[in-house]
Amino acid sequence: MTGFLKRLSASQIITLGFAAMILLGTVLLLLPPATRDGQGAPFMDALFTATSAVCVTGLIVRDTATYWSGFGQAVILVLIQIGGMGVVTLAVAVFSAAGKQISLKQRSIMQEAISAHQLGGIVRMTGFIIRMTAVFELLGAAVMAPSFCREFGVAKGIWYALFHAVSAFCNAGFDLMGVKAQYSSLTTFAADPAVNCAVMALIIIGGIGFLTWDDIRTNQWRFHRYRMQSKVVLATSALLILFPALYLFFFEFSGETPGARVWYSLFQAVSPRTAGFNTADLTKLSECGIGVMIILMLIGGSPGSTAGGMKTTTFAVMVSTAISVFRRREHTHFFGRRIAEDTIRNAATIVTLYFALFIGGAFVISRAENLPLLSCLFETGSAVATVGLTLGITPGLGLLSRVILIVLMYTGRVGGLTLIFSTLSGNRGNTARLPQGKLMVG
């Protein structure tokens, strides 16, 4: 077994690690104690739920609170934590805690898993990630606990606070609010400032990336000392919260009071990247509002974070590249630094791949289920970006459509390029340079 693992590339180990966790989670959810009726879940329901949990998506075909037992919910929570932190991150943490030597290859795999720029200090970074994750999740649970204890009692309130803190920090979007109304997410807590602020803060912290945490810890308020990646992540994330929130405030939720509109707008601007909670009924949004949510879902969080999507840096690179072309500049740059050409090619590839999966999956589901294309685009965007927001059509989908969403969730969490590199790891391509040809575009 050890020899087999040594022959695998970092991309292959990451890909197989997530697949193994999905299979293990499926087996556990198939057990009779996992469901409230003691009968166990059907295979496709268990597979879909395990995939959604490990891929920190939040799309469900069975209500988490009313269908799964306490054991089943605990399995889902563990899968969310492993999926959010990353299989490789937790494996390295376990080896390190056991006093085992971390090999160079294991460090290299960890570097790719968290999108680190250098190999040095990667084990210390792992310890920092684990510690800060525990701190943030416990703080979030402590803030939400009073609200949930008032609503559900002390024991259940503490469990609910912990479950939702982990789910929010890992950008998963799983909730236990089905006891109030099935598939209601956090709509019954829309006016609760503690729950709103805690969930939004956890989503943002989990979604900005581990390297950005390290920059904030090291450099604090000295923004000019941050890595270029951290600067791009923070600036882009702020803009992607501000402008959608302003749009939602002025053009959606017009029937609400100004105070309620602020909470609705902020929460719905934060959550699509890529947590999957909602405090408003998304089916009441206009088509433009749904379109804004889809765009936010596809952009997602940042590299090396618990969030999915194309990533804020990919979006920023493509926008900056377009601006450079408009202004007839030779290079794309941020904060006085030029962006490498291979980074731009990777960004263009990721965008193309995500749009192909997002649109292709929606077309197939729309034809197979005879559903409106916009609703299907919302669900496939939510799946491939590992968000979990839904317009309510996922529980009623047939086998083919569920398989498509499973594939999209897995691809979105592992990463399209990682999946392709793991499949084609032995193909290095032809390094010969062909004659240049002229091609007009635009």
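The values are calculated or read from the model by the stated rules, or taken from the named source; none is laboratory data. Remember, it's a predicted structure, so these values are computed and weren't measured experimentally. Virtual Cβ from ideal backbone geometry, glycine too; neighbours counted across all protein chains shown. SASA here: full protein model, heavy atoms, side chains in, ligands and nucleic acids out. Shrake-Rupley method; radii C 1.70, N 1.55, O 1.52, S 1.80 Å.
Between ALA19 and CYS197, the distance separating the two model label sites (each 7 Å from Cα on the Cα→Cβ line) works out to 4.6 nm.
Each other residue within a Cβ distance under 15 Å of PRO395 adds +1 if Lys or Arg and -1 if Asp or Glu, for a net charge of -3. The slack between ALA260 and ASN219, meaning 0.36 nm per residue of separation minus the straight C-alpha distance, is 11.1 nm.
Sorting HIS331, HIS224, HIS164 by accessible area (1.4 Å probe), largest first, what list results? Don't skip to the answer; put the middle values down first.
On the way: HIS331 70, HIS224 130, HIS164 0 Å².
Ranked list, largest accessible area first: HIS224, HIS331, HIS164.
Which residue, ALA172, ALA245, ALA307, tops the fluctuation ranking in a GNM of the chain built on C-alpha contacts under 10 Å? Highest fluctuation among the options: ALA245.
In sequence order, the stretch 298-304 has phi-based couplings of 5, 5, x, x, 10, x, x Hz under the Karplus curve 6.51 cos²θ - 1.76 cosθ + 1.60, θ = phi - 60°, and Gly or Pro positions carry x. Taking trypsin sites (Lys or Arg not before Pro) as exposed when their DSSP state is a loop state and no more than 12 other Cβ atoms lie within 10 Å, the longest site-free interval of the chain runs over 101-221.
Just to be sure I understand: with springs between alpha-carbon atoms less than 10 Å apart, which residue in MET177, MET297, MET132 has the highest mean-square fluctuation in the Gaussian network model of the chain? Among MET177, MET297, MET132, the largest mean-square fluctuation in the Gaussian network model of the chain belongs to MET132. Got a number for carbon plus sulfur as a percent of the chain's accessible area, 1.4 Å probe? Carbon and sulfur together cover 64 percent of it.
For the stretch 296-390, the calculated P(r) over all alpha carbon pairs, in 5 Å bins from 0 to the bin holding the longest distance, is 3, 14, 20, 19, 15, 12, 9, 5, 2, 1, 0 percent.
Neighbours of THR26, meaning other residues whose beta-carbon lies under 15 angstrom from its beta-carbon, give a summed charge of +1 when Lys and Arg score +1 and Asp and Glu score -1. If you count only protein heavy atoms and use a 1.4 Å probe, how large is the accessible surface of LEU23, to the nearest 10 Å²? Its accessible surface works out to 110 Å², give or take rounding.
On a full-extension model of 0.36 nm per residue, what is the gain between PHE128 and ALA238, subtracting their alpha-carbon distance, rounded to one decimal in nm?
Details: separation 110, 0.36 × 110 = 39.60 nm, distance 2.44 nm.
Net length gain for the segment: 37.2 nm.
Under 13 Å from the 7 Å Cα→Cβ point of ALA368, by amide nitrogen: which residues of the stretch 400-415? In the stretch 400-415, the label zone of ALA368 (backbone N under 13 Å from the point 7 Å along Cα→Cβ) covers 400-409.
Calculated [222 nm] ellipticity per residue, helices only, for the chain: -21000 deg cm²/dmol; basis is -39500 (n - 2.57) per DSSP H run with n ≥ 4, divided by all residues, nearest 500. Amide hydrogen proximity for THR35: with H placed 1.01 Å from N in the peptide plane, the residues at 5 or more positions away or on another chain lying under 5 Å are GLY40, SER69. With a Förster radius of 30 Å applied to the C-beta separation of LEU138 and GLN182, the computed FRET efficiency comes to 0.55.
The length gained by stretching the chain between VAL403 and THR349 to full extension, at 0.36 nm per residue less their Cα-Cα distance, is 17.0 nm. Per-residue surface analysis assigns CYS376 an accessible area of about 0 Å², computed on protein heavy atoms at 1.4 Å probe radius.
Could you tally the net charge around GLU330, taking each other residue with its Cβ under 14 Å from the Cβ of GLU330, Lys/Arg +1 and Asp/Glu -1?
Values: positive: ARG327, ARG328, ARG329, ARG338; negative: GLU341.
So the surrounding residues net to +3.
Tell me the relative contact order for the chain as a rounded percent, counting alpha carbon contacts under 8 Å between residues six or more apart.
Numbers: 715 pairs, mean separation 78.9, N = 442.
The value is 18 percent.
Binning the C-alpha pair distances of the stretch 209-333 at 10 Å intervals from 0 yields a P(r) profile of 13, 36, 31, 17, 3 %, listed from the shortest bin outward. Summary of the geometry: the stretch 26-66 and the stretch 132-179, compared by the centres of their Cα atoms, lie 20 Å apart. Build a GNM of the chain with springs between Cα atoms under 10 Å apart, and of VAL325, VAL292, VAL195 the one that fluctuates most is VAL325.
Surface analysis of the chain yields an accessible area of 46 Å² per residue, using protein heavy atoms and a 1.4 Å probe. Pairs of Cα atoms nearer than 8 Å and 6+ residues apart set the relative contact order; for the stretch 229-370 it is 18 percent. For the chain, the percent of C-alpha pairs falling in each 10 Å distance bin, counted from 0 to the bin holding the largest distance, reads 4, 21, 32, 27, 12, 3, 0, 0. Contact order, relative form, for the stretch 149-247: 20 percent (alpha carbon pairs under 8 Å, 6 or more residues apart, mean separation divided by residue count).
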